[in-house]
Amino acid sequence: MPKQKKAPAPPTSPLPDQETLLKFIQENPDRAGKRELARAFGLKGGDRIWLKQMLKDLENDGLVEKRGRRFQEPGSLPPVTVLNITTRDRDGDLLAKPIEWEEAIHGKPPTITVLRSKKGPVAGIGDRVLARTNRVGGAKSARYTARVMKIIGKSERTILGVFRADKSGDGGRLEPVDRRQDELTIASADAGEAKDGDLVEVEARTSGRYGLKRAAVSNVLGSMNSEKAVSMIAIHAHGIPHIFPEEALREAEAAKEADFSNREDWRDLPLITIDPATAKDHDDAVCAVPDDDPKNESGFVVTVAIADVSHYVRPGSALDREALKRGNSVYFPDRVVPMLPERISNELCSLKEGVDRPALAVVMRFSAKGQKISHSFHRIMMRNPVRLAYEEAQAAFDGQPNERAAPFVEQVLEPLLAAYHCLNKGRAARSPLELELPERRIVLNDNDEVDRVIVPPRLAAHRLIEDFMIQANVAAAETLERKKQDLIYRIHDAPSLQKLESLRDFLKTLDLSLVRPGNLRPEHFNGILRGVDGTPHEELVNQVILRSQSQAEYSPENIGHFGLHLARYAHFTSPIRRYADLIVHRALVSALGLGPGGLGKMDRDTLDGISQEISDSERRAASAERDTVDRLIAQHLADKVGAEFAARINGVSKSGVFVTLHDTGADGFIPISQLGEEYFIFDEATRSVVGEQTRTAHRVGDDVVVKLVEALPLAGALRFELISGGKTVAKLPDRSRRGKSFRDRRNSRSGPPRGTRKSRKKKR
């Protein structure tokens, strides 16, 4: 007979009832993790199982929701969050709204009064701020106060657009970048130095009741005909810092080469870099050898060395303040906005070929099954013997090395490839989420215009570096936990119950099933993906599963990484371009006593604030990168209005259908009015819209032919008309899952909303 599970032992101390537990969570949002709750109520040992079950019951009943490791009342604000200051009340106090708020689920956002502070930063209307919030008026109140910790965004009073001069020479108008913004009139006295076609920032002015609103030019950013104008729009629209303060540049120029103090000499170890061919900074190097320990037969020793940015960028310095403000480097097709000045990122911290460079290295031993046995960190001086591009390394792996790679094949590249195959066994056993979504890349010509869009091949060389970096990141998190050193984790929560139910409804339409949330692991998604591999539904299912996932973020509270299927994970391998990695480097230096440049004293609240800020910076960068790609492709297609394209539906909504062109990967929108002269019903379960009379369905994943009707390069928006496509379904959607029906409006001028481009890859 199967062995029966033991029932949990009865509690050794009185457990709080649901009402008491709920009240504590409501009144103590910053102390509402399982560990803190157990400590608050004196629960130990088996009592924690009862607490876990009670919390799960509360969550299933919708009385609490889990954010990170903390529980909170649904619709309540976290203790530290990002706010937009929007207006003032009658008493002159600033009022704010949370930047992230699901109104469809939680209703209207709460009222947040921003308290004045004598010591803190002075914020104003339109500023985006990192703030500490506090609920007032009782647990059920929707009123909060907030104290500003830091101003992290640009005032929204500034409007970005292109100045269109009036032919009469009397001022002109502003064509806003944001399509939701009305045009503004600019008097000649308010135009400043702006010329026709210039990208400008303006300040809105008060105006009369009639006619266009007025504005005055506050800053001329350059001509729209100049190089790199498209990415400059994104930089200013998203408030991305791109000009380094003089103090930070002086610190960078004054920095001296690192010496051997507190370092081991590893210059004879062949740590090589493998990067994109166009890379200018090289912050990670790798090496692998078979393990000579007879107890670890067929195992490998893998070394990953990362540029020692913590040596040059010290806490509290001007370089450090600017790096935190930027959060990460931002990559556009035509430029990079770096987190650190080039003197640091491209020179002193770039692991250049044949040059001594300081690094923080981790040595990891793996068994023949690809399981990590042990690891150790070292502060070293290294010398890279050769810099290879991914394509060069791959050619060598395939037995066709070029002149640069040939001398390193036997002693360096072959052991690297063998170690990669070894680690693959461990990866297969771990079974992380394996989504197959091709990532398109824009290739520009000499004029920074779109030349072509390609899908780069996914090489073993890419996977090798990725797998080595993941293991190094895990080792960093494990070491800091063992040393009881606070750090910033890279966390990825499991999909929410709401998204899983929506995904489950969709999979049912394909006769596929998904296990219940309590037992869900990435392997269950992988099983579904394997089941549709090679079928017409392959890309569709990959896209829908991608959209069901939570967003990865940074936090000092560890909940693990669902997508990678790892219990602990931190970003350690890119301190040149990510501030989170620099924090982890400093934490390792402090915890292991590796010399100067450590983290120093930093409390959990400070790390919480930094995590929120750099998570927001990451989202800002991703949005700016997507917007730039949208604008470049819209510019590329602007002279092709009226042309027909093969496309695939990548999304549907109550307002229309989103499509992706096969040849360029461009995303655009077909308004519901362009689908036919009938009512259309939105069916969320099948991701489709269905004509009420003809039962013609348009579904995510369907191939269609579309005609380009409108291209707006400034907004990065494309509007299409459906030429062919659609399949007749046997019956209309059930009323229980219907959305709104739409009547055809022949003269509709509705266009695609901003941000129609969908992210193709979840950041890990």
Between the modelled labels at Q181 and K325 (7 Å from Cα along Cα→Cβ) the distance in nm is 2.2
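Of D166, D198, which has the most accessible area with a 1.4 Å probe, and how do the rest follow in descending order? Before the final figure, lay out the partial values.
Details: D166 75, D198 20 Å².
If we order D166, D198 from most to least accessible, we get D166, D198.
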Per residue, how much accessible surface does the range 674-730 expose to a 1.4 Å probe? Answer in Å², no decimals. 39
Carbon-plus-sulfur fraction of the accessible area of the range 220-287, 1.4 Å probe, in percent? 49
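Consider all pairwise Cα distances in the chain and report the whole-number % of them above 42 Å.
37
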Rounded to the nearest 10 Å², the accessible area of H662 at probe 1.4 Å: 80
Select from the chain the helices, each a whole stretch of DSSP H, whose alpha-carbon atoms run 27 Å or more along the helix axis and whose Kyte-Doolittle mean is at least 0.0; answer none if there are none. 460-482
Solvent-accessible area per residue for the range 256-335 at a 1.4 Å probe radius, Å²? 44
Probe 1.4 Å, all chains present, heavy atoms only: I442 accessible area in Å², nearest 10, is 20
Could you check how much of the accessible area of the range 558-636 is carbon and sulfur, as a whole percent, using a 1.4 Å probe? 46
Return the distance in nm (one decimal) between the two label points of a simple spin-label model at A279 and R35, each offset 7 Å from Cα along Cα→Cβ. 3.5
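Too long at a 30 Å Cα-Cα cut-off: which of K97/K483; K150/K484; K34/K484?
Details: K97/K483 39 Å; K150/K484 28 Å; K34/K484 19 Å.
In this structure, K97/K483 lie more than 30 Å apart at Cα.
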Kirkwood-based shape ratio for the range 586-668, expressed as Rg/Rh from alpha carbons: 1.31
Report P(r) for the range 262-377: all Cα-Cα distances, bin width 10 Å, range 0 to the bin holding the largest distance, values in whole percent. 12, 35, 30, 17, 5, 0
15 Å cut-off, amide nitrogen to a point 7 angstrom out along K295 Cα→Cβ, residues in the range 475-491: none
Would you please give the residues with an amide H less than 5 Å from that of L444, counting only those at least 5 places away or on a separate chain, with H modeled from the backbone geometry? D451
Computed D for the range 334-432, Stokes-Einstein, Kirkwood radius over alpha-carbon pairs, 4 °C, 1.567 mPa s, to the nearest µm² per second, is 80
Run through the DSSP bridge list for the range 557-710 and note the antiparallel percent, rounded to the nearest 5. 100
Based on the Cβ-Cβ distance from K372 to E449, what FRET efficiency comes out when R0 is 60 Å, to the nearest 0.05? 0.80
Using the beta-carbon distance between D268 and E246 and R0 = 41 Å, what value does 1/(1 + (r/R0)^6) give for FRET efficiency, to the nearest 0.05? 0.50
How much of V700 can a 1.4 Å solvent probe reach, expressed as accessible area in Å² and rounded to 10? 10
As a test of understanding, state the convex hull volume per residue of the range 618-717 from its alpha carbons, in Å³. 110
Please list 402-408, 360-366 highest first by mean number of surrounding beta-carbon atoms within 10 Å per residue. 360-366, 402-408
Under the Karplus relation with 6.51, -1.76 and 1.60 and θ = phi - 60°, whole-Hz ³J(HN,Hα) for the range 372-383, x at Gly and Pro, equal 6, 8, 7, 7, 8, 9, 9, 9, 10, 10, 10, 9
Using the heavy atoms of the protein chains and a 1.4 angstrom probe, tell me the accessible area per residue for the range 416-554 in square angstrom. 46
Diffusion constant of the range 422-549 at 37 °C, which comes from Stokes-Einstein with the Kirkwood Cα-pair radius and 0.692 mPa s, µm²/s: 185
Among 304-312, 507-515, what's the highest-first ranking by average C-beta atoms within 10 angstrom per residue? 304-312, 507-515
Where the accessible area of the range 469-549 is counted over protein heavy atoms with a 1.4 Å probe, how much of it, in %, is carbon and sulfur? 47
So how strong a dipole does the range 144-283 carry about its Cα centre when Lys and Arg Cβ are +1 and Asp and Glu Cβ are -1, to the nearest 20 debye? 1020
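Which number comes out as Rg/Rh for the range 663-713 once both Rg and the Kirkwood Rh are worked out on C-alpha atoms?
Result: Rg/Rh = 0.99.
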Please give the calculated 222 nm ellipticity per residue for the chain, where each DSSP H segment of at least 4 residues contributes -39500 (n - 2.57) and the sum is spread over every residue; nearest 500 deg cm²/dmol? -8000 deg cm²/dmol
Accessible area in the full protein assembly, largest first, 1.4 Å probe, for I576, I454: I454, I576
Of F244, H565, V355, farthest towards positive along the dipole that unit charges on Lys, Arg, Asp, Glu beta carbons give the chain: H565
Hey, what do the phi angles of the range 641-657 turn into as Karplus ³J(HN,Hα) couplings, whole Hz, using 6.51/-1.76/1.60 and θ = phi - 60°, x for Gly and Pro? 4, x, 7, 9, 9, 7, 8, 9, 6, 10, x, 9, 8, 5, 9, x, 10
Along each of the three principal axes of the Cα atoms of the range 350-391, give the extent in whole Å, ordering the values from largest to smallest. 34, 30, 12
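The values are calculated or read from the model by the stated rules, or taken from the named source; none is laboratory data. Here the structure is a predicted model, which is why all the values come from computation and not from measurement. Heads up, the Cβs are rebuilt from the backbone with ideal geometry, glycines too, and the neighbour counts pull from every protein chain shown. For accessibility, only protein heavy atoms count, side chains too; no ligands or nucleic acids. Shrake-Rupley method; radii C 1.70, N 1.55, O 1.52, S 1.80 Å.
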